[in-house]
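Every number here is computed from the coordinates shown, using simple stated rules; none is lab data. None of the values given here were measured: they were computed from a predicted structure. Note that we place each Cβ from the backbone using ideal geometry, even for glycine, and neighbour counts take in every protein chain shown.
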Amino acid sequence: MFRLLHVLVTNDDGINAPGIHKLVEGLREVAEVTVVAPDREMSATSHAITVTRPLRVTEYRRFGEGVIAYAVDGTPSDCVKLAVDVFMKKRFDIVVSGINSGPNLGTDVLYSGTVSGAIEGVISGLPAIAISAAGFGDFNYEGAARFAAKLINLVKHHGLPEDTLLNVNVPEANGAKELPVKVTRLGKRRYTNVFDRRTDPRGREYFWLAGDPQDYHDRPDADTLAVSQGFISVTPLHLDLTSEALLRELNSWDFD
Ligand SMILES: [Mn+2]
């Protein structure tokens with residue numbers, strides 16, 4: 001019997017962020033959608049989980065009829081864990097995390113709560129997609145939401161290997177109807193001017209972490225390069241960080 005895919009949606013910008021609302025609008029046309037997302041912004045919380053205090057869950061109705069949604073006072077990983085393990089016993093088919101405000105390219109993925117929401121899905125044994133808007137402010141999320149709806153069906157059709165997720169970055173369409181897609185690897189991204197040094201009203205110095213990304217396009221298939229050229233970037237990510245190359249060489253080190 002034909003059954004709609006059941007998508008678990010989360011994000012790190014919080015359940016009120018415009019990106020997650022556009023994502024749900026796009027997905028609900030082709031899938032059953034359940035949302036479990038942080039009740040406030042949790043950007044750059046990476047794969048943190050909350051273990052030193054309880055988690056509170058509140059029903060959330062602003063996605064409208066037919067979308068079950070809960071806001072959690074925790075991280076994206078907490079949300080996916082709760083959704084899968086405890087509180088929604090229903091089986092999900094796929095996890096989609098986003099649409100993040102701002103890109104998650106290269107080394108960004110190590111800090112990203114958006115990517116970690118998807119990683120938690122993979123750890124739970126589900127296929128997962130992280131999707132980010134490669135732009136800030138009044139970004140038009142519609143192209144990204146349409147692509148997410150297309151991609152969940154491709155993932156259903158092809159499946160994803162174990163411990164693997166897709167990291168997607170979508171640039172602003174700028175009038176283009178459909179953006180071209182490029183399959184990429186993680187590029188190199190470093191930040192300069194990382195700390196903004198300021199003075200508070202009482203004359204005490206403080207620091208605000210921000211920074212300007214510097215991309216090093218040393219490979220033609222880097223995600224950073226693809227997005228800068230106006231492509232939707234799709235990067236397969238694997239959870240095993242083991243270095244195969246050094247693993248072999250390390251065996252020849254004299255540890256004794
Ligand atoms: Mn974010």
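If only residues of the range 9-34 that are under 12 Å from Thr75 (Cα atoms) and within 12 Å of the ligand (Cβ to nearest atom) are counted, the one that is surrounded by the most Cβ atoms within 10 Å (Cβ to Cβ) is Thr10.
Selection of the range 137-161 for residues being more than 27 Å from Phe2 (Cβ to Cβ), part of a loop (DSSP other than H, G, I, E, B) and more than 15 Å from the chain's Cα centre (by Cα) yields Gly137, Asp138, Phe139, Asn140.
For the range 107-133, the set of residues classified as surrounded by fewer than 24 Cβ atoms within 10 Å (Cβ to Cβ), in a loop (DSSP other than H, G, I, E, B) and within 16 Å of the ligand (Cβ to nearest atom) consists of Tyr111 only.
Of the residues making up the range 35-70, those that are farther than 17 Å from Ile99 by Cβ, away from the ligand (no atom under 16 Å from the Cβ) and touching a Phe, Trp or Tyr at 6+ places or on another chain (Cβ under 7 Å) are Val57, Thr58, Glu59, Tyr60, Tyr70. Within the range 92-106, the set of residues being of a type in the set (A, V, I, L, M) and surrounded by fewer than 24 Cβ atoms within 10 Å (Cβ to Cβ) comprises Ile94 only.
At least 1 residues that are hydrophobic (A, V, I, L, M, F, W, C) in each: list the strands (runs of 3 or more DSSP E) lying fully within the range 192-256 that qualify. Break it down into steps so the answer makes sense when it comes.
Numbers: elements: 195-199, 205-209, 212-216, 232-238.
Result: 195-199, 205-209, 232-238.
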